[in-house]
Amino acid sequence: MIKTYLSTAGLGLLLLFSACNLTQKSTEESKVIIPAKIETPKASIDQASVKSEIEFLASNDLQGRNTGSEGINKAAVYIQDILQKNNIKPYFTTYRDSFEVKDAIGYNIVGFKEGTDPVLKNEFLIISAHYDHIGLLSPIGKDSIANGANDNAAGSVAVLELAKYFGAAPISKRSILFVFLSAEEKGLLGSKHLAKRLKDENLDLYVNLNIEMIGVPMVGKDHMAYLTGFEESNLAAKFNEYSNEKVLGFLPKAKEFNLFKRSDNYSFYKEFNVPAQTISTFDFTNYNYYHQVQDEADKMDIPFMADLIESIIPGIYTMANTSTKEIKLN
C-alpha cells in the first residue's frame, strides 16, 4: 500500500518505477529478512541414568562429599570418568582445578567442549553446579551422613547429563565449560578461585548458568524452575523464548533471601560482570531436608529432573549458537 504522506511528485516517480518493473518477478522485490529459528536437536534424558548418577553421588560411601575428604575424591573420579567417556576434555592440563581450603586441598572439575565456529569458539558458556556437601552431622537414629541428594547432587547430575548431550552435539559454535565446583558450602571458595583464575587468563565469558537443588518440583507455578537475580538480566526472557515454553520464572523468596549472592554464580558475576545466575526449584516450601541427614536420593523426583534437564537444553543450545550475544545485563 502506498502511504498517503508521499508528495505528488514522489508518487509519480514511484508509479513510473513500478510500471518499468512490471515484468520483474515478485521474488526480486525487497523483503525483510527474518533470521531462521535455531532448531535444537532432539534430546531425551534417560531417567535410569539420572537415577543411577544421583544414587551414587548421594550414597553413604561418599560420606557427605565434604571438601578435602576421601568421599568427594570418589565423586570427582566418578564425574571425570563420565566426562572422558562423553567427549568432554579437560580444560586445564587435567580435569582438576586445585586450591587450598585451610588444611585441605579442594578441587573443581572443569570439562571443555570446544566450539565449532572459528570465531565464536573464543566465547564461552559456563554450565556449573557445586558437587560438595557438608559431610557428617550429629546422628538422627543411626544416620549421621548428610548425603546432599538435593543439595547438590541433583544439580551435579544435571550438569553431567548436559555434558553428555553437548559432547555428542554436532554443532556448538561457542565453547562450553562444564564445571563441578567444590567448597561452595564453605563460602563459595571453589567458584571464587576458578572465576579469578579464568579472569586472569582473559577468558571471554558470555553467560554462567549455575544449577542448584532441582530434585523436586515446585507446586502451583506456571514455570518449571526459578532464576536467581531474575531482574539482573534478560536471561529468563530469552531462555523462555529460545525454549518456546516458560522454563524459568521469578520466585519472590529468592529475592527476599538474596539467593543471587548465595550460590556460585555470584563469583562469576563479580569477576566478569556478565549474566551469571542460578536455576533452582527449591522454593522453601517443597523440601524439608535442607542440610539434614534425610536429604537422600530416594526423595528425588527422577521423572521431573529428567524433564527439567530436557527443557533446559534448547536454551543452552541456542545461547551456544546465536551469531551475537543476545543475553545481556539489565
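The values are calculated or read from the model by the stated rules, or taken from the named source; none is laboratory data. Fair warning: this is a prediction, and the values are worked out from it, not measured in the lab. Cβ placement follows ideal geometry from the backbone for every residue including glycine, while neighbour counts extend to all protein chains displayed. Just so you know, the surface numbers come from the protein's heavy atoms only, side chains and all, with ligands and any DNA or RNA stripped out. Shrake-Rupley method; radii C 1.70, N 1.55, O 1.52, S 1.80 Å.
So for segment 205-221 (the condition being open to solvent by 70 Å² or more (accessible area, probe 1.4 Å), touching a residue at least 12 places away in the same chain (Cβ under 8 Å) and in contact with a Gly (Cβ under 7 Å, 6 or more places away or on another chain)), does at least one residue qualify?
The initial filter retains those residues of segment 205-221 that are open to solvent by 70 Å² or more (accessible area, probe 1.4 Å), namely 219-221.
Filter once more, keeping what is touching a residue at least 12 places away in the same chain (Cβ under 8 Å): 219, 221.
Keeping just the survivors that are in contact with a Gly (Cβ under 7 Å, 6 or more places away or on another chain) gives 221.
Checked segment 205-221: at least one residue is open to solvent by 70 Å² or more (accessible area, probe 1.4 Å), touching a residue at least 12 places away in the same chain (Cβ under 8 Å) and in contact with a Gly (Cβ under 7 Å, 6 or more places away or on another chain).
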Exercise for the section: Considering only residues that are outside any strand (DSSP E or B) and among the hydroxyl-bearing types (Ser, Thr, Tyr), look in segment 173-224 and name the one that is nearest to GLN84 (Cα to Cα). Expected result: SER182
Handout entry: Lone unmet requirement of (1) modelled with pLDDT of 95 or more; (2) more than 25 Å from TYR226 (Cα to Cα) for GLU161
Key = (2)
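Residues of segment 87-144 being assigned to a loop (DSSP other than H, G, I, E, B), closer than 24 Å to GLU184 by Cβ and in contact with a helix residue (DSSP H, G or I) (Cβ under 8 Å, 6 or more places away or on another chain), which ones?
Residues of segment 87-144 that are assigned to a loop (DSSP other than H, G, I, E, B), as a first pass: 87-88, 91-95, 102-103, 114-119, 131-132, 134-135, 141-142.
From the residues that got through so far, the ones that are closer than 24 Å to GLU184 by Cβ too are 88, 91-95, 102-103, 131-132, 134-135.
Selection gives ILE88, TYR95, TYR131, ASP132, ILE134, GLY135.
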Handout entry: segment 222-273, residues that are over 17 Å from the mean Cα position of the chain (by Cα) and open to solvent by less than 50 Å² (accessible area, probe 1.4 Å)
Key = LEU251, ALA254
Fill in the blank from the handout: Within segment 60-82, residues under 16 Å from ILE105 (Cβ atoms) and either modelled with pLDDT under 95 or assigned to a loop (DSSP other than H, G, I, E, B) (or both) come out as ARG65, THR67, GLY68, SER69
Completion exercise
Filter segment 40-98 for residues that are of a type in the set (Val, Ile, Thr) and over 28 Å from PRO314 (Cα atoms); the one that is most open to solvent (accessible area, probe 1.4 Å) is THR93
Exercise for the section: Kindly provide the set of residues from segment 278-316 that are touching a helix residue (DSSP H, G or I) at 6+ places or on another chain (Cβ under 8 Å), open to solvent by 10 Å² or more (accessible area, probe 1.4 Å) and over 16 Å from ILE214 (Cα atoms), ordered by number. Expected result: PRO314
Completion exercise
ALA153 passes all but one of the listed conditions (1) under 14 Å from the mean Cα position of the chain (by Cα); (2) open to solvent by less than 10 Å² (accessible area, probe 1.4 Å); the exception is number (1)
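Give the number of residues within segment 99-120 that are open to solvent by less than 70 Å² (accessible area, probe 1.4 Å) and in contact (Cβ under 8 Å) with a residue 40 or more places away in the chain. Step through it out loud before you land on a result.
From segment 99-120, those open to solvent by less than 70 Å² (accessible area, probe 1.4 Å) are 99, 101, 104, 106-113, 115, 117, 120; that's our starting set.
Retained after the next criterion (residues that are in contact (Cβ under 8 Å) with a residue 40 or more places away in the chain): 99, 101, 106-113, 115, 117, 120.
So the answer is 13.
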